[in-house]
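What follows is calculated from the coordinates using simple rules that are stated; it is not laboratory data. Here the structure is a predicted model, which is why all the values come from computation and not from measurement. Glycine gets a Cβ as well: all are built from the backbone with ideal geometry, and neighbour counts include every protein chain shown.
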């Protein structure tokens, strides 16, 4: 009986490890997302659009974010790079995390942005996914109002396509 239990545990353990994949595919994605918290607080959509290259265990992306309701408007242009892995029987889940660098535009002024991001995508089909993404950025655009640099957490829901 103990042997059967031990074999069962070993089989389940090896099966679960077999479902983690550090990426064997290369593909591009295009996604759009919304930060519901900022959208509700500011009564204006906080939207992001990104294009991304996923190459095996790594990714690199470029994106733009807009929140027009802020004084002076808000646009940021960012790039990110990091690692990702896929899990699930059919690699339906993708986890990723990396660093972000960018520029924030407020009226005619530019401010640097740097931080981290992490997320989880779920593949609805081979070419469509939904996901959750969080960013934690050191935002220097608060100088626009004469304020101090601040770290800001943002969370986005996103919808994307792979090609």
- prompt: Taking the chain as a Gaussian network, Cα atoms linked when under 10 Å apart, which of 37, 87, 29 shows the biggest mean-square fluctuation?
  reply: 37
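What does the extension gain come out to for residue 39 and residue 138, with contour length at 0.36 nm per residue minus their alpha carbon separation?
Details: separation 99, 0.36 × 99 = 35.64 nm, distance 2.00 nm.
Contour length minus Cα-Cα distance gives 33.6 nm.
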- prompt: Binning every alpha carbon pair distance of the range 97-145 at 10 Å from zero, what are the percents per bin?
  reply: 23, 35, 26, 14, 2
message: Considering only C-alpha atoms, what is the centroid distance from the range 75-90 to the range 101-163, in Å?
response: 12
field: Helix-derived mean residue ellipticity, 222 nm - over the chain, DSSP H n ≥ 4, -39500 (n - 2.57), to 500
entry: -4500 deg cm²/dmol
field: Ranked 25, 138, criterion: other C-beta atoms within 10 Å, fewest first
entry: 25, 138
task: Would you mind calculating the relative contact order of the chain from Cα pairs under 8 angstrom and at least 6 residues apart, reporting the percent as a whole number?
output: 19
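Fewest first, what order do 60, 66 take by the number of other Cβ atoms within 10 Å?
The fewest-first ordering by Cβ neighbours comes to 60, 66.
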field: D (Stokes-Einstein, µm²/s), Kirkwood Cα radius, the range 21-162, 1.002 mPa s at 20 °C
entry: 138
query: Taking the Cα-to-Cβ direction at residue 32 and at residue 161 and moving 7 Å from each Cα, how far apart do the two end points lie in nm?
result: 1.1
